[in-house]
Amino acid sequence: MRKVLKVATAMSMVLAVAGTAAAQNFNDPEEFARQKEQLSMTPQGPEGQPWAQYLVDAMADTAQYKKDGPYTVCFSNAGVNNPWRVVGYTNMTEEVKLHPEIGNFVHVDAEGSDDKQIADIQDLLAGGNCDILIVSPNTTAALTPAVEAACQRLPVIVFDRGVETDCPVTFIHPVGGYGFGIQGAQFVADNVEAGGNVLMLRILPGVDVLETRYSAGRRILEEAGLNIVGAEFTDGDNAKTKSIVEDYLQRGSIDAVWMDAGATAVAAIEAFEDGGFDVPVFVGEDQQDFLQKWRALDLTAIAPTYPTYQWRTPIIAAVSILKGESVPGPEWVLPQPAITAENLDEFINDKMPPLHYAMCGCEDMPDYPKAWGGSE
Amino acid sequence: MSEQVLSSQSKKARPRGLPQINPVYFILAALIVAIILNNPAFVEPTGYMNFLKRAAPLAILAAGQLYVIVSGGFDLSVGSLITLVVVGSSMLSNNDPSSTWWVISVMLGIGLAVGLINGLVVCYLKVPSLIATLGMMITLNGFAFMWSGGAPRGYLPDTFRFFGRVNIMDVPVIRMLPVAVIVLIVVGFLLYWLMHRTNLGRLLHAVGDNPRAALLAGVPVNRVRITAFVVSSLSAVITGILLGGFAGVSTDVGTGYELQAITAAVLGGAQLLGGRGSVPAAIAGALTLTAIFTLLNFLGLPQPVRQVVQGLILIAAVALAMYRRKRTGQ
């Protein structure tokens, strides 16, 4: 019956996507090419601090927003409803602690609802206390009018998912979904001979950042002449993931597994282990449990990331904007590194929780690891 | 009651000799044949043993849920109890292999407490079980969230995962035997015995069929109902141990399991609102549900088609069970 609920959710999501953005294209060759190029660009900005670096060299002038502190920074958050956002939000609150200029940090959680987030933004504006507004939109199209209204009143920073307007001072995001798909699939193409069998595991249909990962991944695998034996939705569920992989193993060999997100990667690996198979070439993500499994089994693997350090950047940008310092804009494209066998050890910390996203850029922050749920 | 009187008459009219078999077994057999046709490897031990291993948690949960259904209620709290067990066990065990036994004891204790509270609220505060256990579901979800902070905080040691994950290899004839299947057989037999071979089972049926009549006949109605909720909660704890063992920690592992368990019991011919149900048939119902999922995986249909087919098969199977009951009264 869970499935029935999933159908309802999936259908409502499909309807939402179809209704609001019928023209949305998840397989855009131009965007694919642009992100592919960005992956290999050398970032500008401070060395070793990717959350403060940028790939596209265009700056937004912010002199008009200059004012005296202490500042009230307001943040309308789409939700803290998955482990990625839990890690990200922790990064953000810890970053706030590093800036004495911020007198007050106001966080409102939309709990995954467009309606609530629109109301949240209106409430923040009506309250009149915010000096700057950070928005992490729940969905792109639905939040656009609310962000436009906010732009009339105060400087706005958007990050993670975008909106369909260029009124914010800057839109902060890593390279993107195509880039994520490319990194993993290219690794598979480089390590599996043409004709090899690849299983693609996905979380859900209809989510733009996941659809673009898949379309880019599929394009690269097909161009490399690999045989895609299946593309299955796991609902992000460990048990379902493991079952799907077990079923595929009963029917034939698998030479590589590509995943659009790594939260269930360990369950997929266990299906090989428990069935007595060698674990094939694997594309996971930067979750601790996957990285540790990778090292323990000495896998041929890669972990593309959608870095959680991007949650630090909006706070840095907010302070710069209110000081009148220019920031990268209208788009602040952050580097999006992948974890490979060469740098794997740097990211493993077995004191951290299993779904801690290792590309957090948080290791040097004062409350690490405790604030992220790690043990001392 | 009148239906039953009628049915017992019609039964007499029926020619003797042909035993009445619950249709869930035919549906299950048909699905398994379909699976084998699609994937001949299913007749190998790895095929059917993996299937049984995967179905074991739901089968145990459905058998436990059946106790509450037969007594005339619902238990919606089992899904979130599963989540709490998995999340709580990972927090408590702290990756220490020697902690498994006391952690499991604590979890069974939590299950006992949850079942008792459900039962007491239903019996003494007169809250309908649907609402009482819905409230418990929300509360336990909140507890699990508070405990974990929304993301898993630890791992389950291999000694804990033994029950849900390990396959005993090199067994004669069947080659491999998952520990989860042994757990299913033991717990399934225990629940069968309790329901169909003891006085408690008869009392449960009496309470579910007509609580007023049962009370007048001297049945300790409240005690029987509370026992049903406790059995259901304990089965949820065992399910949680198996699921956590099978696939590791996640914070939404139990989501939706309450409805799957009720569906499985109804597929097995249990009567919602009480008075009728069979443990083996509920287990067969759980296997049927798992077989539907597996078959649709094997067919390789696109996801939306799969979900439509799945929904239709479910409705058809339950409708068939209901039709048969009307016709035969069983």
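Taken together, the values in this text are just the output of simple stated rules run on the coordinates, not laboratory data. Note that the structure is predicted; figures quoted are calculated from it, not measured. Quick reminder, even Gly has a Cβ in these numbers, built from the backbone with ideal geometry, and neighbours come from all protein chains shown.
Structure above, values below:
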| item | result |
| --- | --- |
| Taking the C-alpha atoms of chain B, convex hull volume expressed per residue in Å³ | 150 |
| Burial order of peptide ranges A:189-199, A:203-213 (average beta-carbon count within 10 Å, highest first) | A:203-213, A:189-199 |
| Expected 222 nm ellipticity per residue - DSSP helices of 4 or more, -39500 (n - 2.57), all of chain B, to 500 | -25000 deg cm²/dmol |
| Counted charge near residue A:226, where neighbours are those whose Cβ lies closer than 13 Å (Asp, Glu -1; Lys, Arg +1) | -3 |
| Cβ-based exposure ranking for B:258, A:376, A:148, in which fewest neighbours within 10 Å come first | A:376, A:148, B:258 |
| Within chain A, helix-based [θ] at 222 nm, where runs of 4 or more DSSP H residues each add -39,500 (n - 2.57), nearest 500 | -12500 deg cm²/dmol |
| Cα-centre dipole for the range A:177-302 with unit charges at Cβ (Lys and Arg positive, Asp and Glu negative), debye to 20 | 140 |
| Spin-label pair residue A:126/residue A:44, simplified geometry with 7 Å Cα→Cβ offset, distance in nm | 4.3 |
| Span-rule helices in chain B, defined as complete DSSP H runs reaching 20 Å or more along the axis (Cα) with Kyte mean at least 0.0 | B:23-38, B:45-70, B:78-93, B:100-124, B:129-148, B:179-196, B:221-247, B:279-299, B:303-328 |
| Average Cα contact separation per residue, chain A, under 8 Å, 6 or more apart, as relative contact order % | 23 |
| Reach of residue A:36 by Cα under 13 Å, taken over aspartates and glutamates that are not fewer than 8 positions away in the same chain | A:28 |
| Cα shape, the protein assembly as shown, gyration tensor, a/c 1.5 rule | prolate |
| Point-charge dipole on Cβ atoms (K/R +1, D/E -1) for the range A:15-136, about Cα centre, debye to 20 | 100 |
| Acute angle (nearest 10 degrees) that the helix A:177-191 long axis makes with the longest principal axis of chain A, alpha-carbon atoms | 30 |
| Over 23 Å (Cα to Cα) - which of A:66/A:116; A:66/A:97; A:97/A:323; A:293/A:351; A:351/B:53 fall in this group | A:66/A:116; A:351/B:53 |
| Per-residue mean of C-beta atoms belonging to partner chains within 10 Å, peptide A:232-243 | 5 |
| The range A:177-302: C-alpha gyration tensor shape, a/c 1.5 cut-off, then a/b vs b/c | rounded |
| Test item: B:38-47 mean partner chain Cβ contacts at 10 Å | 2 |
| Nearest-20 debye value, chain B charge dipole, Cβ charges on Lys, Arg, Asp, Glu | 1200 |
| Positive minus negative residues near residue A:334 (Lys, Arg vs Asp, Glu; Cβ under 12 Å) | -1 |
| Derived scalar couplings ³J(HN,Hα) [the range A:57-74; Karplus, 6.51 cos²θ - 1.76 cosθ + 1.60; whole Hz; x for Gly, Pro] | 8, 9, 10, 9, 7, 10, 3, 5, 9, 4, 8, 8, x, x, 9, 9, 9, 10 |
| Nearest-ten-degree value, helix A:288-297 long axis tilted from longest Cα axis of chain A | 30 |
| Gaussian network model of chain A, springs between alpha carbon atoms under 10 Å - residue of A:164, A:223, A:325 with greatest fluctuation | A:223 |
| Rounded to 10°, Cα long-axis angle of helix A:140-151 versus longest principal axis of chain A | 20 |
| Selection from A:225, A:259, A:249, by position along the positive dipole direction of the range A:177-302 (Cβ) | A:225 |
| Selected from A:176, A:230, A:284 as most flexible by GNM, with chain A as the system and alpha-carbon contacts under 10 Å | A:230 |
| Taking B:96, A:237 and counting other C-beta atoms within 10 Å, the order from fewest to most | B:96, A:237 |
| Computed FRET value (nearest 0.05) for residue B:124 with residue A:364, which takes r as the C-beta separation and R₀ as 60 Å | 0.60 |
| Average other protein chain Cβ within 10 Å of Cβ, residues A:354-360 | 3 |
